[in-house]
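**Student:** Please see the structure below; I have some questions.
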Amino acid sequence: MKTEAAHYFSRELLNWYLANKRVLPWRMNRDPYRIWVSEVMLQQTRVDTVIPYYERFMDKFPTLTALAEAPEAEVLKCWEGLGYYSRARNLQAGAQEVVSRHNGIVPDHKESVAALRGVGPYTSGAIMSIAFNRPEPAVDGNVMRVLSRYFLLEDDIAKPATRVKIEKLAASLIPEGSAGDFNQALMELGALVCTPKSPGCLTCPVMAHCEGRMAGMEHTLPIKTKAKPPRPETRLAALIVGTGELAGMVLIRQRAETGLLAKMWELPHVLAPQSAESIIKPKGRGRKAAAEDANATATASAGSLQSVHSLQSDILCRTLSEEDGILVRPTGWWGEAEHVFSHIVWDVQVFKAEFGFFTSVDQSPSEAQSPMRAAAPKAAAELVGMLAAEQRSFYELVDGIPAELGETKMLPPNYRWIGVQQMKELAFPNVFLKLLGEYWHAIEQ
DNA sequence: TACCCGTGGAC
DNA sequence: TGTCCAAGGGT
């Protein structure tokens, strides 16, 4: 059953959309492949951000077959900077499924589309309605906000059950024969008028019967529980520069096939142990205050930030040898960068380092020669003490590596030396794109 | 269910 | 500067 208010809502919204819809590159036609790519890119991503990526992507992979047959690395490179990289790999996997299971034609069949990799309830509904005009709901954050306000729904939209409920409502509102336009109208209204912060009720085509607005609740709806704040992590990264024949090159590594930033390239880095992190970032304090603390502590003990950096670079090199089996020696602190994920915040401390062997025995740290040892903050003293013995033998090992072995034979399979040119071929997360960009720029001078 | 997955813009 | 959050899906 459909109430009078619902009829009014659907009609007015649809008319508004037809008169006000934006011109967007994925609205040129109703090619299911083009719709599909746009919907995946638009997941958790703004229209303005997506447009240039979409243009480049469709230019490079104009057809579903082209995408299915492309090297995965090229797809990932095309997605570089857009985030949520599993979307790119799942999209290609989905395209390959269409090739193998549906003769390369996106099926006009709800269950088949929904079964494709990376296609969930929203994307399935979007493809079915926009490309095939099938009366399926496509409920995203916009739709939940618009309908929560219009029908004064106080369900928590962060809960999956709420999306299911709103899907049923949205399905009941689809006007005969206009599923694609109506679903896009709901999202367009949410994006342009019924916005999260300051909804433009005065220009809203359905203001007259909006229950949320009539109750004065347009600013409090929708109800949404707050997300957990991201956990902070200090990452110790190595900018390992080549010497001799490898001068001008940098050592990078590729991440694992699953998980965070899967298959992306990066500077080698390790998680700073809690004990070391707490020296720099006392609990519950901001980074700035923490840095001042570190300064103050270090100054008081006649060491300075240098001592903290020395401790960190020792941990970095030791952990890198343990975890990846590569032997490097730090040559100094290089820089810092922040990287914010949905659930983690990285404070990346970058240390310059050299690979493999060292010719000068004088560079070998010892109790007497390492300023960091003598000057380490009290909190670090214990940790330094524990590490000292291992540390000495570690550097003795590093110093003993012959040059030719160090430079060529001892790279793990996921490690590569690159010059500035390979940056165009390999996909990096933004933080390493930025850091490496700064490095190439610096050595140009 | 509750996490895990990026990034940038707006306020 | 911090906070929210954007056309979500996978596990």
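**Student:** Among the residues in segment A:239-257, are any within 15 Å of DNA strand C (Cβ to nearest atom), without any contact (Cβ under 8 Å) to a residue 24 or more places away in the chain and assigned by TED's automatic domain parsing to the domain that holds residue A:17?
**Tutor:** No, segment A:239-257 contains no residue that is within 15 Å of DNA strand C (Cβ to nearest atom), without any contact (Cβ under 8 Å) to a residue 24 or more places away in the chain and assigned by TED's automatic domain parsing to the domain that holds residue A:17.
**Student:** Among the residues of segment A:174-181, is any in contact (Cβ under 8 Å) with a residue 12 or more places away in the chain, of a type in the set (Gly, Ala, Ser) and open to solvent by 50 Å² or more (accessible area, probe 1.4 Å)?
**Tutor:** Within segment A:174-181, one or more residues are in contact (Cβ under 8 Å) with a residue 12 or more places away in the chain, of a type in the set (Gly, Ala, Ser) and open to solvent by 50 Å² or more (accessible area, probe 1.4 Å).
**Student:** Let me ask something else about it. Just for segment A:150-203: of the residues that are polar (S, T, N, Q) and away from DNA strand C (no atom under 12 Å from the Cβ), which one is nearest to residue A:18 (Cα to Cα)? Can you show your working first?
**Tutor:** Restricting attention to segment A:150-203, the residues satisfying the condition of being polar (S, T, N, Q) are A:162, A:172, A:178, A:183-184, A:195, A:198, A:203.
Cutting the leftovers down to away from DNA strand C (no atom under 12 Å from the Cβ) gives us A:162, A:172, A:178, A:203.
Numbers: A:162: 29, A:172: 20, A:178: 11, A:203: 16 Å.
For segment A:150-203, the residue satisfying everything is A:178.
**Student:** Search segment A:36-57 for residues being near DNA strand C (Cβ under 7 Å from one of its atoms) and charged (D, E, K, R), and hand back the single one that is surrounded by the most Cβ atoms within 10 Å (Cβ to Cβ).
**Tutor:** First pass over segment A:36-57, keeping only residues near DNA strand C (Cβ under 7 Å from one of its atoms): A:38-39, A:42-47.
Remaining after also requiring charged (D, E, K, R): A:39, A:46.
Details: A:39: 23, A:46: 9.
Looking at the filtered set, the residue picked out is A:39.
**Student:** Taking the criterion of being open to solvent by less than 20 Å² (accessible area, probe 1.4 Å), more than 30 Å from residue A:343 (Cβ to Cβ) and away from DNA strand C (no atom under 13 Å from the Cβ), would at least one residue in segment A:76-97 satisfy it?
**Tutor:** The answer is no; no qualifying residue exists.
To keep it simple, each residue is scored yes or no on (1) modelled with pLDDT of 95 or more; (2) in contact with a strand residue (DSSP E or B) (Cβ under 7 Å, 6 or more places away or on another chain).
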{"residue": "A:235", "(1), (2)": "yes, yes"}
{"residue": "A:238", "(1), (2)": "yes, yes"}
{"residue": "A:252", "(1), (2)": "yes, yes"}
{"residue": "A:264", "(1), (2)": "yes, no"}
{"residue": "A:269", "(1), (2)": "yes, yes"}
{"residue": "A:279", "(1), (2)": "no, no"}
{"residue": "A:285", "(1), (2)": "no, no"}
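**Student:** Right, another one. Out of (1) surrounded by 15 or more Cβ atoms within 10 Å (Cβ to Cβ); (2) over 24 Å from residue A:133 (Cα atoms), what's the single condition that is false for residue A:60?
**Tutor:** Going through the list (1) surrounded by 15 or more Cβ atoms within 10 Å (Cβ to Cβ); (2) over 24 Å from residue A:133 (Cα atoms), residue A:60 breaks only (1).
**Student:** Within segment A:323-332, track down each residue that is in contact with a helix residue (DSSP H, G or I) (Cβ under 9 Å, 6 or more places away or on another chain), at negative phi and surrounded by fewer than 20 Cβ atoms within 10 Å (Cβ to Cβ).
**Tutor:** Of everything in segment A:323-332, just one residue is in contact with a helix residue (DSSP H, G or I) (Cβ under 9 Å, 6 or more places away or on another chain), at negative phi and surrounded by fewer than 20 Cβ atoms within 10 Å (Cβ to Cβ), namely A:331.
**Student:** If I ask for residues that are touching a residue at least 24 places away in the same chain (Cβ under 8 Å) and in a loop (DSSP other than H, G, I, E, B), which ones from segment A:184-207 would you list? Explain how you work it out, then say what you get.
**Tutor:** Pass one, segment A:184-207, residues touching a residue at least 24 places away in the same chain (Cβ under 8 Å): A:184-192, A:194, A:196, A:199, A:205-206.
Those that are touching a residue at least 24 places away in the same chain (Cβ under 8 Å) and in a loop (DSSP other than H, G, I, E, B): A:194, A:196, A:199, A:205, A:206.
**Student:** In this structure, does residue A:96 turn out to be away from DNA strand B (no atom under 16 Å from the Cβ), within 27 Å of residue A:429 (Cβ to Cβ) and polar (S, T, N, Q)? Break it down into steps so the answer makes sense when it comes.
**Tutor:** Values: away from DNA strand B (no atom under 16 Å from the Cβ): yes; within 27 Å of residue A:429 (Cβ to Cβ): yes; polar (S, T, N, Q): yes.
Yes: the conditions hold for residue A:96.
**Student:** Could you look through segment A:189-228, keep only residues that are hydroxyl-bearing (Ser, Thr, Tyr) and open to solvent by 60 Å² or more (accessible area, probe 1.4 Å), and pick out the one that is nearest to DNA strand B (Cβ to nearest atom)?
**Tutor:** In the first step, residues of segment A:189-228 are kept if they are hydroxyl-bearing (Ser, Thr, Tyr); the result is A:195, A:198, A:203, A:220, A:225.
Cutting the leftovers down to open to solvent by 60 Å² or more (accessible area, probe 1.4 Å) gives us A:198, A:203, A:220, A:225.
Working: A:198: 7, A:203: 15, A:220: 16, A:225: 9 Å.
Restricting to residues being hydroxyl-bearing (Ser, Thr, Tyr) and open to solvent by 60 Å² or more (accessible area, probe 1.4 Å), the top hit is A:198.
**Student:** Here's something else I'd like to know. Name the helices (runs of 4 or more DSSP H) wholly within segment A:99-160 that hold at least 2 residues that are within 17 Å of residue A:39 (Cβ to Cβ) and within 16 Å of DNA strand B (Cβ to nearest atom)?
**Tutor:** On the way: elements: A:110-114, A:121-126, A:141-150.
Of the helices (runs of 4 or more DSSP H) lying wholly inside segment A:99-160, those with at least 2 residues that are within 17 Å of residue A:39 (Cβ to Cβ) and within 16 Å of DNA strand B (Cβ to nearest atom) span A:121-126, A:141-150.
**Student:** Would you mind stating whether residue A:292 is in a helix (DSSP H, G or I) and modelled with pLDDT under 90?
**Tutor:** On the way: in a helix (DSSP H, G or I): yes; modelled with pLDDT under 90: yes.
Here the answer is yes, as residue A:292 does meet what is asked.
The values are calculated or read from the model by the stated rules, or taken from the named source; none is laboratory data. Predicted model only: the values in this text are computed from it and were never measured. Virtual Cβ from ideal backbone geometry, glycine too; neighbours counted across all protein chains shown. Only protein heavy atoms, including side chains, enter the accessible area calculation; ligands, DNA and RNA are left aside. Shrake-Rupley method; radii C 1.70, N 1.55, O 1.52, S 1.80 Å.
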